[in-house]
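Note sheet for the following structure.
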Amino acid sequence: MAQQKMLQFVRVAKETPEKREADDRAQDFGEIYAEFAAEKAAEQASRCSQCGVPFCQSHCPLHNNIPDWLRLTAEGRLEEAYAMSQATNTFPEICGRICPQDRLCEGNCVIEQSGHGTVTIGAVEKYITDTAWEEGWVPPIAPVEERSESVAIIGAGPGGLAAADRLRRAGLQVTVYDRHDRAGGLLTYGIPGFKLEKDVVMRRVEQLEKGGVEFVLNCNVGTDISFDAIRGKHDAVLIATGVYKGRDLTGPGAGAQGIVAALDYLTASNRVSFGDEVPEYLSGALNAEGKRVIVVGGGDTAMDCVRTAIRQGAVSVKCLYRRDRANMPGSQREVQNAEEEGVDFVWLSAPNGFAGDPVSSVMVQKMRLGPPDASGRQSPEVIEGADYAEPADLVIKALGFEPEDLPALWGEEALEVTRWGTVKADFRSHETSLPGVFAVGDIVRGASLVVWAIRDGSEAADSILDFLAQPAQVAAE
Ligand SMILES: Cc1cc2nc3c(=O)[nH]c(=O)nc-3n(C[C@H](O)[C@H](O)[C@H](O)COP(=O)(O)OP(=O)(O)OC[C@H]3O[C@@H](n4cnc5c(N)ncnc54)[C@H](O)[C@@H]3O)c2cc1C
Ligand code: SF4
């Protein structure tokens, strides 16, 4: 079937320039051109000039062999393309959907830099792996031999799952602990379904389960089981707990009803998409339908909130960000998507207080960009006397996340953390200050990206295998 689809590509590649130009404007052909995906994937792949200086590859955190799997895709050799892409990426269909490609591989495509529009690398990666699942080319996880050593992974997000995959394939006994009722971390409860369909995540979780990875869900380490008990039960431990302490808003009225945290809002929406009954959604507390919504923040979480609010049927959605468009941390592609969907960006503005309880309006302070600070970034300064009241029924705080205080929560003061509270771990081996304990993903990097968590998880798995190959060290513990 895939072969047949590929033959059609040859015809499509000869279509009019107008059609191709229109197609190129569609950034995610998987969603928009579902029935043309094979043709479009091959067409895009064939645009790769095989330039010999693959900046795309060096700017992909996994150093995916992009030019080679694009060539295989263009030649219709999809199964080989899939095998090559999977060899360096545990979850290519997930990265293909949600990596900020404009800042990574695609932003460094030579064709993009010559002004002809990037090869849509992420969409091709997504397409070849989705096809591999459809065609039955994704083999189950089947270790060649069973080994007796066991590893605990705390946190079932992409970092933990990538490590689980690698360790289980090596035959280790792997147990993943997570405080949520479903695995996936932010893939499941943070990132909205319109960017990452939940069945795509659950398919990977099932693959791990079928391959023998044990999941202990609804288990908050530090409350339901102690960190010490976990260390006692397993030969090595991987901490992959992410960062979850949301930064808060201050100012008069900041505690009013209707001012909610981004992750509570997104989690409720994601739970609804799983078919869960969510009282806060049903009551309207975490539901934007019929409301004037203001989202505060300029990162990718803020973009997810504004786009979710639009889909829930908000009357209006405004995004307040204290810097300008050029200086916002979120992906420009996401901003463009949000604007096209009707979100109003109010640049150079920040909340300075709230009226009503439940909230009825936000006092908005206007800002300008001042001189650069120590980091070289221009600091926002308040423009005095320019405040105004913006009506709002729901205010969503999307100001970023910080790590929880793990040494205190887990009663493990010997677990060293940085001054930002992230766990200190060697950047190559991912070993922490505790022997046999490794750490990866956001809890080490601070709020980061899925693709970095996957890379860390795979690297840490290799380090754990090395660690377990040294029995003297294990015995010494
Ligand atoms: C709203 C939102 C949207 C995002 N969108 C994107 C995007 O589009 N693209 C992208 O690349 N990145 C995105 N990110 C960032 C990305 O999701 C993270 O960088 C990535 O998920 C980090 O992976 P992780 O494995 O380190 O942690 P997480 O995915 O956060 O997983 C950590 C897991 O640990 C569990 N846990 C925590 N503490 C405990 C405990 N004490 N006991 C048991 N379990 C525990 C949590 O329940 C969670 O399941 C987004 C983040 C957010 C918040
Ligand atoms: S993993 Fe991300 S950065 Fe790497 S090729 Fe895929 S989409 Fe691009």
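The values are calculated or read from the model by the stated rules, or taken from the named source; none is laboratory data. If you're wondering where the values come from, they're calculated on a predicted model, not measured in any experiment. No Cβ is skipped: glycine too gets one built from the backbone with ideal geometry, and neighbour counts run over all protein chains shown. For the accessible areas, the whole protein counts, side chains as well, though only heavy atoms, and no ligand, DNA or RNA atoms are used. Shrake-Rupley method; radii C 1.70, N 1.55, O 1.52, S 1.80 Å.
Just a few scattered comments:
- Counting the residues of segment 263-290 that are without any contact (Cβ under 8 Å) to a residue 40 or more places away in the chain, crowded, with 17+ Cβ neighbours inside 10 Å and not polar (S, T, N, Q) gives 6.
Table: residues versus (1) within 16 Å of ligand 2 (Cβ to nearest atom); (2) hydroxyl-bearing (Ser, Thr, Tyr); (3) under 17 Å from Ile94 (Cβ atoms).
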residue	(1), (2), (3)
Thr120	yes, yes, yes
Ile141	no, no, yes
Arg147	no, no, no
Ala152	no, no, no
Ala156	no, no, yes
Gly160	no, no, yes
Ala170	no, no, no
Thr175	no, yes, no
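- Hits in segment 218-242 (condition: open to solvent by less than 20 Å² (accessible area, probe 1.4 Å) and near ligand 1 (Cβ under 7 Å from one of its atoms)): Cys219, Val221, Ala240, Gly242
- Tabulated pairs, segment 46-64, first open to solvent by 60 Å² or more (accessible area, probe 1.4 Å) and within 16 Å of ligand 1 (Cβ to nearest atom), second modelled with pLDDT under 90 and charged (D, E, K, R), C-beta under 6 angstrom, 6+ apart or interchain: none
- Remark: Arg333 matches the filter, which requires a residue to be within 16 Å of ligand 2 (Cβ to nearest atom) and open to solvent by 40 Å² or more (accessible area, probe 1.4 Å).
- Within segment 197-233, tally of residues that are among the acidic types (Asp, Glu) and under 22 Å from the mean Cα position of the chain (by Cα): 4
- Per this entry, Arg147 is not counted among residues that are within 16 Å of ligand 1 (Cβ to nearest atom) and not β-branched (Val, Ile, Thr).
- Elements of type strands (runs of 3 or more DSSP E) in segment 367-431, at least 2 residues being away from ligand 1 (no atom under 16 Å from the Cβ) and free of Cβ contacts under 8 Å to residues at least 60 places away in the same chain: 378-382, 388-391
- Considering residues of segment 246-295 that are modelled with pLDDT of 95 or more and of a type in the set (Lys, Arg) only, the residue nearest to Phe345 (Cα to Cα): Arg292
- Condition check for Ala256: more than 16 Å from ligand 2 (Cβ to nearest atom), farther than 25 Å from Ser360 by Cβ and of a type in the set (Gly, Ala, Ser): no
- Selection of first residues in segment 93-104 that are more than 9 Å from Gly122 (Cβ to Cβ) and of second residues that are basic (Lys, Arg), restricted to Cβ pairs under 6 Å at least 6 apart or on distinct chains, gives the following pairs, ordered by first then second residue: Glu93/Lys126; Asp102/Arg333.
- Among residues of segment 87-106 being among the β-branched types (Val, Ile, Thr) and within 16 Å of ligand 1 (Cβ to nearest atom), the one that is surrounded by the most Cβ atoms within 10 Å (Cβ to Cβ) is Ile94.
- Contact annotation: residue pairs with Cβ atoms under 6 Å, 6 or more positions apart or on different chains, pairing a residue in segment 330-347 that is on the phi < 0 side of the Ramachandran plot with a partner that is among the acidic types (Asp, Glu) and surrounded by fewer than 17 Cβ atoms within 10 Å (Cβ to Cβ), are Trp347/Asp324.
- Residues that are of a type in the set (S, T, N, Q) and under 19 Å from Gly222 (Cα atoms), drawn from segment 399-449: Thr422, Thr432, Ser433
- Against the conditions (1) of a type in the set (Lys, Arg); (2) within 16 Å of ligand 1 (Cβ to nearest atom); (3) touching a Gly at 6+ places or on another chain (Cβ under 9 Å), Arg322 satisfies every one except (2).
- Every residue from segment 187-217 that is open to solvent by 30 Å² or more (accessible area, probe 1.4 Å), in contact (Cβ under 8 Å) with a residue 60 or more places away in the chain and farther than 11 Å from Ser273 by Cβ: Lys195, Arg203, Lys210, Gly212, Leu217
Each row is one residue, and each column tells you yes or no for (1) in a loop (DSSP other than H, G, I, E, B); (2) closer than 23 Å to Trp452 by Cα.
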site: Gly52; (1), (2): yes, no
site: Cys56; (1), (2): no, yes
site: Cys60; (1), (2): yes, yes
site: Gly76; (1), (2): yes, no
site: Ala81; (1), (2): no, yes
site: Ser85; (1), (2): no, yes
site: Thr90; (1), (2): yes, yes
site: Ile111; (1), (2): no, no
site: His116; (1), (2): yes, no
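- For first residues located in segment 237-260 and under 14 Å from Gly441 (Cα atoms) and aromatic (Phe, Trp, Tyr), partners that are assigned to a strand (DSSP E or B) and open to solvent by 20 Å² or more (accessible area, probe 1.4 Å) and lie 6+ apart or on another chain with Cβ distances below 8 Å form the pairs Tyr244/Phe401.
- Here Cys319 meets each of (1) touching a Leu at 6+ places or on another chain (Cβ under 9 Å); (2) modelled with pLDDT of 95 or more; (3) under 25 Å from Ser379 (Cα atoms); (4) not small (Gly, Ala, Ser) with one exception, condition (1).
- Scanning segment 73-86 for residues that are in contact with a helix residue (DSSP H, G or I) (Cβ under 7 Å, 6 or more places away or on another chain), of a type in the set (A, V, I, L, M) and open to solvent by 10 Å² or more (accessible area, probe 1.4 Å) turns up Ala74, Met84.
- Candidate set: segment 291-314, residues that are free of Cβ contacts under 8 Å to residues at least 60 places away in the same chain and open to solvent by 30 Å² or more (accessible area, probe 1.4 Å); chosen: the one farthest from Phe194 (Cα to Cα): Gly313
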